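Everything on this sheet refers to the single structure shown next.
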Amino acid sequence: MKRIVAAAVVLVMILGTALAGCDRDQKADEEIISLVWPIEMVTEDPDNFSESLFLQQNEGFTKATLNDDGTISVSMEESTYNYIKDQFSEQFDLFMEELVGGEQTEYINEINYDPEFRNIEIIVDKESFEADEEIGDQLLVIIASNIGTYHQITGQEKTNILKLIDFETDEVIQTFNYPDDLEE
């Protein structure tokens with residue numbers, strides 16, 4: 001379980017790595033993308049946040065303004081936006097590959113998802129999955145939360161549907177609607 005949580009945390013840290021790697025040549029006609037992120041995606045110390053320092057350290061960003069509600073409004077070149085999105089997608093793909101037949105998730109046979117991570121199907125050995133009391137429902141929350149982070153980074157609505165499907169019968173064992181099912 002610790003390994004899965006650690007891998008999930010790494011996905012969130014990808015943003016910081018992607019930000020540091022934003023070294024793009026701006027094209028004169030490049031679109032500017034504006035988004036609102038939780039401040040924690042940019043700094044651990046919002047009281048000492050400096051827009052000028054942030055912009056200096058993160059090429060491709062054109063604005064980073066703290067909002068009164070604890071969020072930050074950022075604007076970036078389209079190439080920077082695409083780079084961050086691609087980096088997160090690549091890391092998420094690797095995370096999913098590690099889960100299939102992984103050390104702690106041997107019961108996962110296959111994971112299928114669309115390019116925008118809206119619909120995720122996790123094909124499992126039902127008996128083994130139900131016997132795993134350590135991970136169980138937490139697995140769905142971990143995957144859904146990471147996908148929610150991707151949607152937040154890219155300025156999309158944070159919703160996705162995860163389905164656990166029995167490998168042998170194609171029966172839907174459980175459906176998890178993120179974030180709605182967390183609020184219940």
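Rule-based calculations on the coordinates, nothing more; no lab input. Predicted model, so just to flag it, every value in this text is computed and none were measured. A quick note on method: Cβ atoms are made from the backbone with ideal geometry, for glycine too, and the neighbour counts reach across all protein chains shown.
How large is the charge dipole for the stretch 69-181, taken about the Cα centre, if only the Cβ atoms of Lys, Arg (+1) and Asp, Glu (-1) carry charge, to the nearest 20 debye? Don't skip to the answer; put the middle values down first.
Working: 5 positive and 28 negative charges, 123 e Å.
Using only the charged Cβ atoms, the result is roughly 600 debye.
Taking a virtual spin label 7 Å from the Cα of Asp45 along the C-beta vector, which residues in the stretch 63-99 bring their backbone nitrogen under 18 Å of it?
66
Stretch Glu134-Glu98 to full length: gain in nm at 0.36 nm per residue minus the Cα-Cα span? Walk me through the numbers before you get to the answer.
Working: separation 36, 0.36 × 36 = 12.96 nm, distance 1.77 nm.
Roughly 11.2 nm would be gained on extension.
Measure off 7 Å from each Cα along the Cα-to-Cβ vector at Glu90 and Asp114, then give the distance between these two points in nanometres to one decimal.
The two pseudo-label positions are separated by 2.5 nm.
Mind ranking 142-154, 41-53, 77-89, 109-121 by how tightly packed they are, going by the mean number of other C-beta atoms within 10 angstrom, highest first? Write down the numbers at each step before the final one.
Values: 142-154: 20.8, 41-53: 12.2, 77-89: 19.1, 109-121: 14.8.
Peptide ranking by packing, descending: 142-154, 77-89, 109-121, 41-53.
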